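Novice: Before I ask anything, let me first share the structure, which is written out below as structure tokens.
The values are calculated or read from the model by the stated rules, or taken from the named source; none is laboratory data. Every value quoted in this text rests on a predicted model; they were computed, and no experiment measured them. Glycine gets a Cβ as well: all are built from the backbone with ideal geometry, and neighbour counts include every protein chain shown.
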Amino acid sequence: MAIYLIRHGETEWALHNRHTGSTDIPLTKRGEEQARSLGSKLVGVKFARVLSSPLQRAKVTADLSGVKPEAEISPLLIEFDYGKYEGITSAEIQRDRPDWDLWRDGCPGGESPQQVVDRGRRLLEELAPQREENYALFAHGHVLRAVAVAYLGTPVGLARHLVVKVASISILSHEHDVPAIEVWDLA
């Protein structure tokens, strides 16, 4: 069993490191090419289920990758709610709050890190992964980090150490019946 965490292709806001939560930004042309190329990395993998964030950048990435079955929409995979920090960069936030850390402080008017990890936990409970099956989750960088933390059963703060680039694949599986990271951030 493996859970494939697949981040969407490039967007204009991702290019400029702007926090993109619920703003429904489309993929760039390069992002569309990246989404298509993800399919070649997933050839031969049979998925029991494919889930996607409802936001177009994730859903279009799933569609363009060509994975089967067709992606089901899961609101639990929507990106971190950045509240007042939507659309701005970490550098801009840190001008006013030099010690700000997303995975410790969350976002005013948005979600706390624990809320995002709890969403990841609910997703995994709903998915109820079976040992002999593979699952694909098309979503966003921060929510995929939260799913990984929920899967591993580690403290929320571990997420700050897990980088998830655009159009990357990470794989969660087991090692001797212990949840483990098999591959991380394969771009």
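Novice: From the list I181, I171, which one is modelled with pLDDT of 95 or more and within 20 Å of P113 (Cβ to Cβ)? I'd like the intermediate steps shown before the answer.
Specialist: On the way: I171 fails: within 20 Å of P113 (Cβ to Cβ).
The match here is I181.
Novice: Just need a number here: residues in segment 108-123 that are buried (at least 19 other Cβ atoms within 10 Å of the Cβ) and within 15 Å of the chain's Cα centre (by Cα).
Specialist: 6
Novice: If the requirement is being touching an Asp or Glu at 6+ places or on another chain (Cβ under 9 Å), under 26 Å from V60 (Cα atoms), modelled with pLDDT of 95 or more and of a type in the set (V, I, T), which of these qualifies: V147, V164?
Specialist: V164
Novice: While we're here: Can you spot a residue in segment 164-175 that is under 30 Å from D96 (Cβ atoms), free of Cβ contacts under 8 Å to residues at least 40 places away in the same chain and not small (G, A, S)?
Specialist: No; the residues of segment 164-175 include none that is under 30 Å from D96 (Cβ atoms), free of Cβ contacts under 8 Å to residues at least 40 places away in the same chain and not small (G, A, S).
Novice: Just one of (1) touching a helix residue (DSSP H, G or I) at 6+ places or on another chain (Cβ under 9 Å); (2) more than 30 Å from E133 (Cα to Cα); (3) surrounded by fewer than 23 Cβ atoms within 10 Å (Cβ to Cβ) trips up P54, so point out which.
Specialist: P54 satisfies all of (1) touching a helix residue (DSSP H, G or I) at 6+ places or on another chain (Cβ under 9 Å); (2) more than 30 Å from E133 (Cα to Cα); (3) surrounded by fewer than 23 Cβ atoms within 10 Å (Cβ to Cβ) except (2).
Novice: Just a yes or no: is a residue in segment 90-107 under 29 Å from D63 (Cβ atoms) and surrounded by fewer than 20 Cβ atoms within 10 Å (Cβ to Cβ)?
Specialist: no
Novice: Can you tell me how many residues in segment 126-171 are under 22 Å from G44 (Cβ atoms) and either surrounded by fewer than 23 Cβ atoms within 10 Å (Cβ to Cβ) or among the polar types (S, T, N, Q) (or both)?
Specialist: Taking segment 126-171 first, the residues under 22 Å from G44 (Cβ atoms) are 127, 129-138, 167-171.
Keeping just the survivors that are either surrounded by fewer than 23 Cβ atoms within 10 Å (Cβ to Cβ) or among the polar types (S, T, N, Q) (or both) gives 127, 129-135, 168-171.
Within segment 126-171, residues that are under 22 Å from G44 (Cβ atoms) and either surrounded by fewer than 23 Cβ atoms within 10 Å (Cβ to Cβ) or among the polar types (S, T, N, Q) (or both) number 12.
Novice: Give the number of residues within segment 94-135 that are touching a helix residue (DSSP H, G or I) at 6+ places or on another chain (Cβ under 9 Å), free of Cβ contacts under 8 Å to residues at least 24 places away in the same chain and under 22 Å from E12 (Cα atoms).
Specialist: Number satisfying all stated conditions: 0.
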